Amino acid sequence: MCLYNLGKNKKCKIEKIPSNHLLKSLGVREGLTVSIMSKQPLGGPVIIQMGKRSLAIAKDVAEKIHIEEVS
């Protein structure tokens, strides 16, 4: 499943990220558990929560991040 398809307030574990140095520099990495805070309408970004930080990820990038939903 891709990150963009996960529902709001759901947690997931990142399994695979695209080769994007910006994501890595922001702390997004494989094995990280994140939750979806919100999805902006009309193909806007996804806001994820990583610990105490929030991060906006563009829809096209979020569609390339493979995740596994966790409870």
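Pairwise inverse Cα distances across the chain, averaged and inverted, put the Kirkwood hydrodynamic radius at 11.8 Å. Every helix of 4 or more DSSP H residues in the chain counts as -39500 (n - 2.57), and over all residues that averages to -2000 deg cm²/dmol at 222 nm. For the range 3-70, relative contact order (Cα pairs under 8 Å, six or more residues apart, normalised by length) works out to 42 percent. What whole-number distance in Å separates the alpha-carbon centres of the range 1-18 and the range 42-71? Going from one Cα centre to the other spans 6 Å.
In loop segments of the range 1-48 as defined by DSSP, the trypsin sites (Lys or Arg not before Pro) with at most 16 further C-beta atoms inside 10 Å of their C-beta are LYS8, LYS10, ARG29.
Can you tell me the length gained on complete extension of the stretch GLU63 to SER25, counting 0.36 nm per residue apart and subtracting the Cα distance?
Length gained, GLU63 through SER25: 11.8 nm.
A short reminder: the numbers here are calculations on the coordinates, not readings from a lab. Values in this document were obtained by computation on a predicted structure and should not be read as measured data. Methodologically, a virtual Cβ is constructed for each residue, glycine included, from the backbone with ideal geometry; neighbour enumeration extends over all protein chains shown.
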